[in-house]
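All remarks here apply to the structure that follows.
The values are calculated or read from the model by the stated rules, or taken from the named source; none is laboratory data. Keep in mind that what you see is a predicted model, and the values were worked out from it rather than measured. Every residue, glycine among them, receives a Cβ derived from its backbone with ideal geometry; neighbour counts consider all protein chains shown. All accessible areas refer to the heavy atoms of the entire protein, side chains included, with ligands and DNA or RNA removed. Shrake-Rupley method; radii C 1.70, N 1.55, O 1.52, S 1.80 Å.
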Amino acid sequence: MKNSDDSSEVEPLVPESETEHHVDVDVRQTGSINDRAYTSANQVTPQHFIRDLKDLEIVAIFVVAFDTRHGNVVEWAKPEFMKQQLGGLEFKAMPSGAHNIDNDTVYLYDANLYGVASYSKMSVQNAEERGVRMRSVGVLIHNHHLLHVHQHQLTNLVRYVLENPGDYTQLEKYYQSWTGDYLITNSHYLSSLDLRYPGRYFEKLLSSLGPLLFTLWKAMLLRKRLLFYSPPPAADLCHLVYCANFLLTHSEKLRGNSCRPYYFVNIADTNILSKELSYIACTTEKVMETKSDIYDLYIDNGAVTITSDKLKSLLRVTKGDRIRLGRLYSAIRQPVSCDDTPMTVEDNFYTFFSQLNRDIATRINRLSISDECRLSSQDLSDMGLDSSDSSFLNHLLESLDLDMVVSCSCCSFIQ
């Protein structure tokens, strides 16, 4: 299944002598980050997300199978001891309803690790498997910004496992090429790693939500719980959760503000989610909508349901949201930065929310160490906010335990 169009650009991580029988799966698939002038401070480069080689390392690789007698099972894992530690993962890597679709990709969070799994099925002339074979192949890593890097090869690997049941040699090679000594001796790989996320998902998030994107942004700054829903497949949902996570870029300056990305969750996760103060996740299980005690915002195909009346008032679409939406649309359409550096949709999305959150944090932190306890209309303008955002900002200040209030009087809302 080697892609002939890309074969000239692919340099296998595993030496050629070890891959001469590797006919179905390219061990590494990258674009070249060096093909472009990635010099702008606003661009999304590896240095934004990779702290050290540990972030690149695959912690585990696994295969989930559907067994006609036992249901979803972890069929194989490497390291082998991980097979006993992956309880529950088999229902995320192969979500409920997977039998109704041919292919899917799922992002997940499990035991302080992030995972990506590629699911596929094929028809077989086999009574024991009832005519269909279903598998998911996935990896667990430390850094969720690298999940999409593995997606292409996992798609190839799951097809290999379907066609060669019980043969895991290609999975072992892929695992070895992303672990330990091999990464250390090939650290130059970082410079050629393409971390750019497909821009269409940022555009889809924006087009599906419109000004409600800023409802999500405000909710995440207020450390609320967000749950996306859609029927299977789960792939687009997981991509939207990743993109929505960018709404909090540089918001950690607001005293460690964070919103854990859980990615795909199911009914078995309700107990864990009920204990979280803040998260963003997605599900394909409609029953999760009835568990309104575990989320504050429920997003279904662009429609946002808010559980609390007080929160509804705080998060209503304002004049400021519409102004920011116009600025965001203008920003993401810019092909180059002010220094003529090429910019992608991801770069522009990242830059917009990075600057917005940084401006809010800078102004709040500056005022918090001064004697000034009232914020003026000019302060709001300096933060990229509007007077119609006053209620939200007052609530944000309260959540940060700051004795400050917004003093402007023209607080208006747009239905």
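Miscellaneous remarks
- One residue stands out in region 79-130 among those that are among the β-branched types (Val, Ile, Thr) and open to solvent by 10 Å² or more (accessible area, probe 1.4 Å): the one that is nearest to His152 (Cα to Cα), namely Thr105.
- Close pairs (7 angstrom Cβ cut-off, 6 or more residues apart or separate chains): over 16 Å from Asn103 (Cβ atoms) in region 116-135, among the basic types (Lys, Arg) anywhere: Val124/Arg133
- Restricting region 49-98 to residues that are basic (Lys, Arg) and assigned to a helix (DSSP H, G or I), the residue that is farthest from Tyr168 (Cα to Cα): Lys54
- Selected residue (criterion: farthest from Ala93 (Cα to Cα)) from residues of region 255-266 that are modelled with pLDDT under 95 and in contact with a Ser or Thr (Cβ under 9 Å, 6 or more places away or on another chain): Asn257
- Screening Asn357 with (1) open to solvent by 30 Å² or more (accessible area, probe 1.4 Å); (2) in contact (Cβ under 8 Å) with a residue 60 or more places away in the chain gives one miss only, at (1).
- Hits in region 387-411 - residues which are at pLDDT 80 or above, over 11 Å from Arg374 (Cβ atoms) and in a loop (DSSP other than H, G, I, E, B): Leu400, Asp401, Leu402
- Enumeration of residues in region 187-205 that are surrounded by 17 or more Cβ atoms within 10 Å (Cβ to Cβ) and either over 15 Å from His145 (Cβ atoms) or modelled with pLDDT of 80 or more (or both): Tyr189, Tyr197, Tyr201, Phe202, Leu205
- Scope region 313-326; condition out of contact with any Gly (no Cβ under 8 Å at 6 or more places or on another chain) and either surrounded by 13 or more Cβ atoms within 10 Å (Cβ to Cβ) or not in a helix (DSSP H, G or I) (or both); matching residues: Ser313, Leu314, Leu315, Arg316, Val317, Thr318, Lys319, Gly320, Asp321, Arg322, Ile323
- Residue check for Arg260: within 28 Å of Gly87 (Cα to Cα), of a type in the set (D, E, K, R) and open to solvent by 50 Å² or more (accessible area, probe 1.4 Å): yes
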